[in-house]
Amino acid sequence: MDDAELDQIRKARLEQLKAQGGGSGGGGGSGQQEQQQRQQQQQEDARQHILNQILHPEAADRLGRIRLVKESRAADIENRLITLAQTGQLRQKVTEAQLKELLNAMSESKEEEKIVVNRRKAWDDDDDLDL
């Protein structure tokens, strides 16, 4: 998608939000709520724009399938990709294979966070040896 298409989509979405808000005729709190919704939508549009720039279509499809299964995992991956892009660590678009590597790296780091509890044995465990 180029910038012109994104601008058209944003304008259409903004008009749609205005039409929904205008029809309600709500009280004083609805203006603030609309502003929050608009701001949230703009942030989501910006995230999608960045992701469209840094992901190959196959990688974007895989990320979409991950989002269907587990929303929080997809959000974590998106945040990591956006951070890498903003810090200049991505030199080219991320392929599906690179996305798989990132997924594996993130899952390994999750496994390292596990806590192992070693229980103490009872103080008189050697009773069975006294026979």
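Rule-based calculations on the coordinates, nothing more; no lab input. Everything quoted here is computed from the prediction, not taken from an experiment.
In table form, for the structure just shown:
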read-out	value
Average Cα contact separation per residue, the range 48-109, under 8 Å, 6 or more apart, as relative contact order %	45 percent
Kirkwood Rh and Cα Rg combined as Rg over Rh, evaluated for the range 41-113	0.95
Potential lengthening between residue 86 and residue 35 on full extension [0.36 nm per residue; Cα-Cα distance subtracted]	15.7 nm
For the range 83-93, 3J(HN,Hα) per residue [Karplus equation, 6.51 cos²θ - 1.76 cosθ + 1.60, θ = phi - 60°, Hz, x = Gly/Pro]	4, 4, 5, 5, 8, x, 7, 9, 8, 8, 5
Extension reserve of the residue 106-residue 67 stretch, reckoned as 0.36 nm per residue once the Cα distance is removed	12.5 nm
